[in-house]
Each structure stands twice: as C-alpha cells, then as structure tokens.
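The values are calculated or read from the model by the stated rules, or taken from the named source; none is laboratory data. What you see is a predicted model, and the numbers here were worked out from it, not measured in a lab. So basically every Cβ, Gly included, is an ideal-geometry build from the backbone, and we count neighbours across all protein chains shown. The protein model used for the area step is the full one, side chains on, heavy atoms only, and it has no ligands, DNA or RNA in it. Shrake-Rupley method; radii C 1.70, N 1.55, O 1.52, S 1.80 Å.
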Amino acid sequence: MGEELLKSGVIVDENGEKREFYLTEPKAILDETTNEPSGWYKQIVSLVNVVNDNVRLYPRAVYQAALDELKAQNFPYAGEHPHPVSFIGADKRVHFKTSIPHSAVKFRDAYIDEQNQVWAEYMLLDTEMGRQVKSFIDSGLPFGFSNRMTGETASRTIND
C-alpha cells in the first residue's frame, strides 16, 4: 500500500460538469492459493481529508459511510467511461443511467488506507470498454478513475 498517485486533476465532461480524476497504475491481485493473477485488480480512485483539484474535500467519515452503503448494496453500479448521466428518480434520490457499451469494470471492494487514499478492487468486464481498459493494463499504462458522488454538499472556506 502507500502507492504514489501519478497524477490527479479535473476534466470537464460533455455536460460541462467538472469531474475529478486520479491517474494511477492498477495492481493485479494474486490468487491466495496459486499466487497467480486472480483477474481482480486494485488501484487508488480518490483521496479523503484533503482539498482536491476539484476544490472539494471529502471527509473520511463521510466517504467511509458512502463506501459502507455501497458495500451493503454489493456495489450496484459498473465502472463506466465516460461518466454516466445522472437523474433524480421517483424516490427523489440521484440515480445513474448505466450504458452497457460504456461499462468497463465490476467492483467488489473499496477501502481507505492510512494515507487517506481510497482503493477500489475491480474485475474487467467483457465489454468493448472493458477490453479497452484491459489493453491499457496489458501495456503497463496507467488510467484514471473518477467517482460517482451523490449527497449533500456544504460550502466552506478552508485555508482561504
């Protein structure tokens, strides 16, 4: 653990919304019995307790609560590229329009390490986008993650 981020930043999506991203190298998770690659990977997907490049701060406790909810739901969303479109459902909550061609990974776990780095564990999907991500991994190239975030926000001034 304690890997270094290669790069973080903000991109503007096709809807004009700013999306924070973390460019990191995926790490293969080895099978415990064979010590061979298991097909699962892990990498840094976010940071907590710091003001990020999107001028947002995700307090560790708030982020952990969101992770706990995702774990309880068995990670109900695929990782997609580009960012999925969000909408407000009849239940007044934010939902995402999943696109099969854009779906790339299935998540199984996420956790926050001692350095306040958020790690996600995922497996590539056999979709066009999943195969494109696999080509990056097979070529030893880093790629980025940006989180789907929902919930309440509060504006504050921190260090000017």
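Can you list residue pairs whose Cβ atoms sit under 6 Å apart, with the first residue in the stretch 126-148 being touching a residue at least 12 places away in the same chain (Cβ under 8 Å) and the second being surrounded by fewer than 16 Cβ atoms within 10 Å (Cβ to Cβ) and in a helix (DSSP H, G or I)? Count only pairs 6 or more apart in sequence or on different chains.
Every condition considered, the pairs that remain are 128/101; 143/136.
Return yes or no: is residue 82 surrounded by 11 or more Cβ atoms within 10 Å (Cβ to Cβ) and at pLDDT below 95?
On the way: surrounded by 11 or more Cβ atoms within 10 Å (Cβ to Cβ): yes; at pLDDT below 95: yes.
The answer is yes for residue 82.
If you scan the stretch 92-147, which residues turn out to be more than 28 Å from residue 49 (Cβ to Cβ), small (Gly, Ala, Ser) and either open to solvent by 70 Å² or more (accessible area, probe 1.4 Å) or in a loop (DSSP other than H, G, I, E, B) (or both)?
99, 139, 140
Looking only at the stretch 38-56, decide whether some residue is open to solvent by less than 40 Å² (accessible area, probe 1.4 Å) and modelled with pLDDT under 85.
yes
Quick one: how many residues across the stretch 41-69 are out of contact with any Phe, Trp or Tyr (no Cβ under 7 Å at 6 or more places or on another chain) and aromatic (Phe, Trp, Tyr)?
So the count comes out to 2.
Within the stretch 15-32, identify whether any single residue is part of a loop (DSSP other than H, G, I, E, B), at pLDDT 90 or above and open to solvent by 50 Å² or more (accessible area, probe 1.4 Å), and answer yes or no.
Of the stretch 15-32, the ones part of a loop (DSSP other than H, G, I, E, B) are 15-17, 25-26, 31-32.
Going one step further and asking which of them are at pLDDT 90 or above, we end up with 26, 31-32.
Next, from what is left, pick out any that are open to solvent by 50 Å² or more (accessible area, probe 1.4 Å): 31-32.
Checked the stretch 15-32: at least one residue is part of a loop (DSSP other than H, G, I, E, B), at pLDDT 90 or above and open to solvent by 50 Å² or more (accessible area, probe 1.4 Å).
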